[in-house]
1. Sorted from fewest to most neighbouring beta carbons within 10 Å, what does the list 72, 40 look like?
2. Give me 107, 60 ranked fewest to most by other Cβ atoms within 10 Å of their Cβ, as a rough exposure proxy.
3. So how tilted is helix 92-109 from the main axis of the chain? Cα-based, degrees 0 to 90, rounded to 10.
4. Report Rg (one decimal) and Dmax (nearest whole number) for segment 15-106, counting Cα atoms only, units Å.
5. Assuming 0.36 nm per residue, please report the length gained on full extension of the stretch residue 37 to residue 65 beyond their Cα-Cα distance.
6. Treating the angle as unsigned and between 0 and 90°, give the value, to the nearest 10°, between the Cα long axis of helix 65-85 and the longest Cα principal axis of the chain.
7. Going by alpha carbons, how many degrees (0 to 90, nearest 10) lie between the helix axis of 4-24 and the longest principal axis of the chain?
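Readers should treat all values here as calculations from the given coordinates under stated rules, not as data from a laboratory. Bear in mind the structure is a predicted one, so any value in this text is a computation, not a measurement. So basically every Cβ, Gly included, is an ideal-geometry build from the backbone, and we count neighbours across all protein chains shown.
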């Protein structure tokens, strides 16, 4: 099981990446901040749930189902906000960056 500080640190990595990708994509700053915080929240909630459900054993070397779920948890908030706000400017960039950053943050920090 991973500790809460480890989970929060890994979640913040993904959230900051989403925020920066949103700003790079010229989103409204308020929308970028909301997407960043939501990425932190969804990733943290997923990892806590994965801890409780014991999804931390490796599916492939150094990657568990809990880690793989972070791809979705990190990408979903930005993609959902882009869909709801009908923002077509580089809508996929924050989602892709958030998913990859949340995944890598979890794999590397929780290794």
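1. On the way: 72 16, 40 24.
If I rank by nearby Cβ atoms, fewest first, I get 72, 40.
2. The order, fewest Cβ neighbours first, is 60, 107.
3. That works out to roughly 20 degrees.
4. So, for segment 15-106, Rg and Dmax equal 13.3, 39 Å respectively.
5. On the way: separation 28, 0.36 × 28 = 10.08 nm, distance 2.30 nm.
Going from the current span to full extension adds 7.8 nm.
6. Computed tilt is about 20 degrees.
7. 20
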